[in-house]
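Below is one structure, written out as structure tokens; the observations come after it.
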Amino acid sequence: MSLGQRNGIYGIRLWKSKIYKEIYCDLETAGGGWSVFQRRFNGSVDFYRNHVNYSVGFGDFNGEFWLGLHYIFELSSQNITELRIDVEAADGTKAFEVYRNFSLDEDDYRLHIDRGYGTAGDVNGLYYSIGRRFSTFDHDVDDYDPINNAQMCHGGWWYWYSACTQVNLNGDYITPGTVHSSDSGYTGIIYYSFEGVQSLKSSRMMIRRV
């Protein structure tokens, strides 16, 4: 991606659908070239959304947003792609994790990644969700029949078994550093290997070709 010198909103034409789409690009972090598809930092946008919303996207590039699973799929399907997650704790401590060979299946947005590396840790990280389909409260496709994990963990994610996931960046935004009152804290914005179930101050997810 060679769009400019500064982070910001750029227009691109998607390679498969030929759709013109605006995306937020990070051209500075770790060499740049990133397409940001998730950002949270103040709880101004409700992420407890239905499957259609998660497919087409919601929010505002100048604030909190989710780009949309359809566009994430297409952006990551042209070439080998890596995913980077940046998280920040309540005290301002920051960490990241990078996952190579990131991709989603087109029909159910099933997650594919390699093991992560970085400073956030992946013993209890996103790799826990490998092979899972993307679930929302109205589209329950996790692998735990007794419970709708998207409903229980109040978000849309690659949920699996109880307790839902080890990373729940689309969960409820609550006071950073506190633990959510429901489901042992897994309903908050968490990255377990980084801060356990203490809710995070901010998160960002982005991809680039490698």
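The values are calculated or read from the model by the stated rules, or taken from the named source; none is laboratory data. None of these values were measured; they are calculated from a predicted model. Every residue, glycine as well, gets a Cβ built from its backbone with ideal geometry; the counts of neighbours run over all protein chains shown. Note: areas computed on protein heavy atoms with side chains; ligands, DNA, RNA excluded. Shrake-Rupley method; radii C 1.70, N 1.55, O 1.52, S 1.80 Å.
Quick notes
- Its residue count N fixes a reference of 2.2 N^0.38 Å for region 103-206, and the Cα radius of gyration divided by that reference is 1.00.
- For HIS70, the solvent-accessible surface with a 1.4 Å probe is about 60 Å², rounded to the nearest 10.
- Using θ = phi - 60° and Karplus 6.51 cos²θ - 1.76 cosθ + 1.60, couplings along region 73-85 (whole Hz; Gly, Pro as x): 4, 5, 4, 9, 9, 7, 9, 4, 10, 10, 10, 10, 10
- Spin-label zone in region 82-97 - amide nitrogen under 19 Å from a point set 7 Å from the Cα of THR178 along the C-beta vector: 88-92
- Global form of region 9-149, assessed from the alpha-carbon gyration tensor, a/c cut-off 1.5: rounded
- Simple spin-label estimate for PHE58 and THR29 in nanometres, 7 Å along Cα-Cβ: 2.3 nm
- Dipole of region 17-170, positive direction: furthest Cα of ALA95, GLN166, ASN148, with charges on the beta-carbon: ALA95
- Shape call, region 8-52: gyration tensor on alpha carbons, a/c limit 1.5: oblate
- Straight-line reach from LYS18: taking Cα to Cα under 14 Å and skipping same-chain neighbours fewer than 8 places apart, the aspartates and glutamates in range are GLU74.
- Mean separation of Cα contacts under 8 Å, 6 or more apart, over the residue count of the chain: relative contact order %: 21 percent
- Rounded, prolate or oblate (a/c below 1.5 giving rounded, otherwise prolate when a/b exceeds b/c) for region 71-164 by Cα gyration tensor: oblate
- Phi angles across region 134-147 convert, under the Karplus curve 6.51 cos²θ - 1.76 cosθ + 1.60 with θ = phi - 60°, into 3J(HN,Hα) values of 7, 10, 10, 4, 9, 9, 8, 10, 6, 9, 10, 4, x, 9 Hz, Gly and Pro given as x.
- Student exercise, the chain dipole from Lys, Arg, Asp, Glu Cβ charges, in Debye to nearest 20: 760 debye
- Sites matching trypsin sites (Lys or Arg not before Pro) across region 8-45 that sit in DSSP coil, with at most 13 neighbouring C-beta atoms within 10 Å: LYS16, LYS18
- Accessible surface, per residue, of the chain when the full set of protein chains is kept, probe 1.4 Å, Å²: 44 Å²
- Here's how it looks for PHE65: its modeled amide H is under 5 Å from those of ARG39, ASP60, which are all 5 or more places away or on a different chain.
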